[in-house]
Structure formats: structure tokens, C-alpha cells
Amino acid sequence: MKKHFPLRRGLFGRAGAHLRAVDGIDLEIGRGETLALVGESGSGKTTLGRCILRLIEPTGGSILFDGVDLLSLDGRAMRRMRRNIQGVFQDPYASLNPRMTIGSIVGEPLAIHGLARGKERERRVAELLSTVGLDPRWKDRYPHEFSGGQRQRIGLARALAVEPRLVVCDEPVSLLDVSVQAQVINLLVELQRRLGLSYLFIAHDLSVVRWPTRT
């Protein structure tokens, strides 16, 4: 996998050198496994995660999921594939739409992929909120009414709505207090055990990466 960003120079913004954010990395994640990607800030970890999710397009390489190269898929086919691969992002304050209730946020993937509607969607939203340790009665509240740890649980519920097999966790606890970090990591471990999820866990803190091995 490679991802290079052109650096614009001069009055007319002509491309000069390239920033090699990701330059030839190979990794493999098995079913039900966690692969930790650890490095200091600016080392290209988030860029790699976004390439795997195809939020940005790689410069070169391939992304194989069950033998299918995601880079060969057109928009419609990739949209179907997104059911299998979801992301949980670093900033729980920026990754949720402040104008939507948490019920709408968690239920949106169900609507996009045509998985549930009406009463069935409401039931699934309540089930997902319960799964991540939130009270389903809070579905009509807005993100600003929740703590950072609770918001990260909302983001996780949204990711789980489409029953993915791989979740890209991009620094999911780095902005949380230490006590809340433990709660979220324990939740990720428990969900992996129950649902057989695979994780790409991006972090810069080795103590966070080691945590699941102590639980």
C-alpha cells in the first residue's frame, strides 16, 4: 500500500515533491483477530486506515478483503462492501452530527443499506444502544448531552449497525480520560468475543495496545 500527497509549490501551485505518508506497507488481519498499528503522530497510521476504508484513494497497491481487491470496485459495489468494513474515529466530538439525535445517527446506516425501517429500525437501534452499554431511552438526545466516552460508544454502535466483520479503530481512546479509556477498550474486547470482529487498532500509546492482554 502506498499513499503519496503532492506538495504544491510556486505561484501557480505546481506540483513539486511528494509527501510519502504511506510508502509500501504490507499487513494481514485474520478473522476475529486484532492487529495493532503503533507509531508516533505523523507516521501515516490514520492515512492507512482511511485508505482501507476508501475514504481516500491510495496511490498504489491493493486492499484485499476475502480475495476481492477493494480498489477494483466501482461506487455501487464498494457501497455494498462497506457493510463489511466500518470505522470508529479518533474524535468522538467531531465524528457525530450535532444536529442529529443519537437514534438517528445509529439508525442511519440501517436506512442507507436498506436493512430495517419503521418499528424494526427502532428495535435495532435500541438493541445496538444496549449492546454498547447505553440506555435505549436516550435515543432522542443529542451528542452534546453525552460525555466523551459515551459519544465513542455511540460511534461504535453506528459502526456495528451493519454487522461488519472488520472495524478500523483509529485512535478510539486517545482523547478520553484514562478511566474512560479502560471502559471503551474493555467494551471492544467483549464485542470481539461476542461477535467475532476483526480490528485494525491504530494507536500511538503502547500501554493502550497492551491493555486487552491484561483483561
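If you check Arg20, Arg31, which single one turns out to be at pLDDT below 95, surrounded by 10 or more Cβ atoms within 10 Å (Cβ to Cβ) and under 17 Å from the mean Cα position of the chain (by Cα)?
Criteria check complete, one pass: Arg31.
If only one of Asp177, Asp170 is of a type in the set (D, E, K, R) and in contact with a strand residue (DSSP E or B) (Cβ under 7 Å, 6 or more places away or on another chain), which one is it?
Asp170
Which members of the range 87-111 meet the condition of being free of Cβ contacts under 8 Å to residues at least 24 places away in the same chain and either in a helix (DSSP H, G or I) or touching a helix residue (DSSP H, G or I) at 6+ places or on another chain (Cβ under 7 Å) (or both)?
Answer for the range 87-111, where residues must be free of Cβ contacts under 8 Å to residues at least 24 places away in the same chain and either in a helix (DSSP H, G or I) or touching a helix residue (DSSP H, G or I) at 6+ places or on another chain (Cβ under 7 Å) (or both): Ser104, Ala111.
Does the range 133-190 hold any residues that are among the charged types (D, E, K, R) and at positive phi, and which are they? Quick ask: steps written out before the conclusion?
Applying the first criterion (among the charged types (D, E, K, R)) to the range 133-190 yields 135, 137, 139-141, 145, 151, 153, 158, 163, 165, 170-171, 177, 190.
Within the range 133-190, Glu163, Glu171 qualify.
Kindly evaluate Arg82 against the criterion of being farther than 22 Å from Leu200 by Cα and not small (Gly, Ala, Ser). It would help to see each step written out before you state the result.
Numbers: farther than 22 Å from Leu200 by Cα: no; not small (Gly, Ala, Ser): yes.
When the stated conditions are applied, Arg82 does not pass them.
For a quick check of your reading of the model, give me the residue pairs whose first member lies in the range 53-66 and is assigned to a loop (DSSP other than H, G, I, E, B), whose second is surrounded by fewer than 12 Cβ atoms within 10 Å (Cβ to Cβ) and among the acidic types (Asp, Glu), with beta-carbon atoms closer than 9 Å and at least 6 apart or on different chains.
From the range 53-66, the pairs are Gly61/Asp26; Ser62/Asp69; Ile63/Asp69.
The values are calculated or read from the model by the stated rules, or taken from the named source; none is laboratory data. None of the values given here were measured: they were computed from a predicted structure. Glycine gets a Cβ as well: all are built from the backbone with ideal geometry, and neighbour counts include every protein chain shown.
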